[in-house]
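The values are calculated or read from the model by the stated rules, or taken from the named source; none is laboratory data. Small disclaimer: the values here were computed from a predicted structure and weren't measured. Note that we place each Cβ from the backbone using ideal geometry, even for glycine, and neighbour counts take in every protein chain shown. Quick note on the areas: whole protein, heavy atoms, side chains included, nothing else; ligands and nucleic acids left out. Shrake-Rupley method; radii C 1.70, N 1.55, O 1.52, S 1.80 Å.
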Amino acid sequence: MTLTGDESTALNPLTLLESAREKYTLARARREVPELALLSIHGAIEDALRAHLLRINSPAALGPFAGVLAAMQALERVPLSAEEVDAVQRLHRLRGRIARGEHLAVTGETLAAYQRLAVMLLPRYGVQALPPTETERPRPRPTQPMRAQTALPDDAPVRVRLRDRHTAYDEERRIRALGNRAFDEETSRRPLVPGWVAPTLIIVSIFVIGLAIALSLQSPAPAVVLTTPVGNPSPLPTELAATAPPAITSPEPATTVVTEPAATAAPLPSPEGLAIGRTAIVSAEIPALNVRAQPSIASVITLVLAPGTQVEIIGGPVEAEGRVWWQVRSAGIEGWCAGDFLQPQ
């Protein structure tokens, strides 16, 4: 597949990574129809590889799939091995036969092999891929063809079974029945009230009761009037001026209470070697580094960086949630990431 025109300009690494996640999730949902599951696995791997090439500004990202594999194999960091390229090429040929409309009976062993391939490759390039569980593995068909004879089967070991019109009609009816049965089972297992509602209500009730008891036991604190000496007038600190109650005038002389201004907070220590205007690289000890819109783990992810990616530090440091955050820029996209996973270049 070659991407040109409006289709290529609309693509970016984030959209391709999200597409890869959705396709792999769809592949797990299509386990009862292995042919469709294989198409989803192929799409997830292709999107992940093209997203990685886009992040490093490789022109092969928008070219034919054969060029994508060649570029991935020639990378200096996190490249594809020769065995992995051969496995992906086998999957690509099998996907072509399915896309051309050939009736293939894909075995459960074939689908499981390519699921293992996806679980091995996708996390390497920033896509989380959970391995299939025992309940998610495809069930054997009543007329299962001969098993594949290689660890990663391609179009050669998969046996082709031509079906006449009656067999195709029965197969289509079986697929519809499986879909209806899965929907009925999911609906019957779904509880009317989520299980987390009752514990949450109990915890909230206990918290409200405890807060009410604590407020009832508290006594009103005496008001403190903050003033400044007459001989050396100076404005109150901003923090004290915002919270001090208005002074009460009285004909009797009042005692003047002098408060010391709050100490200025010391600047945050910056990790050795990291500073604004310098460059750093993502640590090789992590599979990927999330760059967020704000310095918080609850903020939205704007970019996913692979190990070894070079970034420019443009802001920070900011201490939040027990981490020191730095604002970085990579491939024209800016965001915040934890400094623990950055190494000075």
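Structure notes:
- Of the solvent-accessible surface of the stretch 87-133, computed with a 1.4 Å probe over protein heavy atoms with every protein chain present, carbon and sulfur atoms account for 53 percent.
- Largest first, the residues W336, W326, W196 sort by 1.4 Å accessible area into W196, W336, W326.
- When the stretch 56-97 is reduced to its Cα atoms, the Kirkwood hydrodynamic radius in Å: 10.8 Å
- Rounded percent of accessible protein surface that carbon and sulfur make up, the stretch 12-71, 1.4 Å probe: 63 percent
- The base-10 log of I(q)/I(0) for the stretch 296-345, evaluated at q = 0.23, 0.31 Å⁻¹, reads -0.89, -1.51 [Debye formula, identical scatterers on Cα atoms, solvent excluded].
- Heavy-atom accessible area order for L215, L16, largest first, 1.4 Å probe: L215, L16
- Around the Cα centre of the stretch 1-100, unit charges on the Cβ atoms of Lys, Arg, Asp and Glu (plus for the first two, minus for the last two) sum to a dipole of about 260 debye.
- Probe 1.4 Å, accessible area per residue of the stretch 73-118, Å²: 47 Å²
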